[in-house]
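The values are calculated or read from the model by the stated rules, or taken from the named source; none is laboratory data. Predicted model only: the values in this text are computed from it and were never measured. We place every Cβ from the backbone using ideal geometry, glycine too, and count neighbours over all the protein chains shown.
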Amino acid sequence: MRDINHTLRNLRMLQWGLMAALLLFSGVAEMVCVPGNDDWNLKHWLITGMALWGVLGAFRLRRRLLNRSRQALTKDASDPKGLKQWEVGHVLSLTLAGGVAVWGLLVRFVLVGARWQASLFYAAGIFLLLLWTPRLPIANPSN
């Protein structure tokens, strides 16, 4: 069985790696893109809707997986299925949060949107990555 603290450390490294990648990608996008268009059209609303749909799905999936794992780990702290659900819940939610910022890159590159339009997605992605910081599923894993 893998050590839960090792898994937690790996999840936090994934979180910080995603944040660093998003900052790097957005920085590159701002260096290579033209100033962009401030108009907000149907395509922008479609992308916003897709990003919101992804966020709502991430909240639902995260809650479901982490609640299941919490219940399983409350009964038995070394339950491998519960630990795997806990890990998968965090990995999926972190990658879906990073996906929100990727929608901002799509706005900037494909739709040639303005910096402020893409920044909404970048900020939402970083906020979700910070909100969903991985934590231990149980108070004391040694019990």
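Would you say R63 is farther than 15 Å from V100 by Cα, without any contact (Cβ under 8 Å) to a residue 40 or more places away in the chain and surrounded by 11 or more Cβ atoms within 10 Å (Cβ to Cβ)? When the stated conditions are applied, R63 passes them.
Cβ separations smaller than 7 Å between residues 6+ apart or across chains give the following pairs from the range 1-28 residues that are farther than 15 Å from L129 by Cβ to residues that are charged (D, E, K, R) and surrounded by 12 or more Cβ atoms within 10 Å (Cβ to Cβ): T7/E87. L136 falls short on exactly one of the conditions (1) under 30 Å from V34 (Cα atoms); (2) of a type in the set (A, V, I, L, M, F, W, C); (3) assigned to a loop (DSSP other than H, G, I, E, B), and that condition is (1). Search the range 86-113 for residues being touching a strand residue (DSSP E or B) at 6+ places or on another chain (Cβ under 7 Å) and crowded, with 19+ Cβ neighbours inside 10 Å, and hand back the single one that is farthest from K43 (Cα to Cα). Residue satisfying both the conditions and the ranking: G113. In the range 96-116, the residues that are on the phi > 0 side of the Ramachandran plot and in a loop (DSSP other than H, G, I, E, B) reach residues that are surrounded by fewer than 18 Cβ atoms within 10 Å (Cβ to Cβ) and polar (S, T, N, Q) with C-beta atoms within less than 9 angstrom, at least six apart or across chains, in these pairs: V112/N37. Among the residues making up the range 1-10, those that are surrounded by fewer than 17 Cβ atoms within 10 Å (Cβ to Cβ) and either in a helix (DSSP H, G or I) or basic (K, R) (or both) are R2, N5, H6, R9, N10. Could you check, for the range 41-60, whether at least one of its residues is in a loop (DSSP other than H, G, I, E, B) and either under 28 Å from G113 (Cβ atoms) or modelled with pLDDT under 90 (or both)? So far as the range 41-60 goes, yes, one or more of its residues are in a loop (DSSP other than H, G, I, E, B) and either under 28 Å from G113 (Cβ atoms) or modelled with pLDDT under 90 (or both).
If you go through the range 66-83 and pick out every residue that is surrounded by 15 or more Cβ atoms within 10 Å (Cβ to Cβ) and without any contact (Cβ under 8 Å) to a residue 12 or more places away in the chain, you end up with 1.
Out of curiosity, is V32 within 22 Å of L136 (Cβ to Cβ) and of a type in the set (V, I, T)? Judged against the criteria, V32 is not a match. For the range 22-36, the set of residues classified as surrounded by fewer than 13 Cβ atoms within 10 Å (Cβ to Cβ) and either over 18 Å from R115 (Cα atoms) or not aliphatic (A, V, I, L, M) (or both) consists of G27, P35, listed by residue number.
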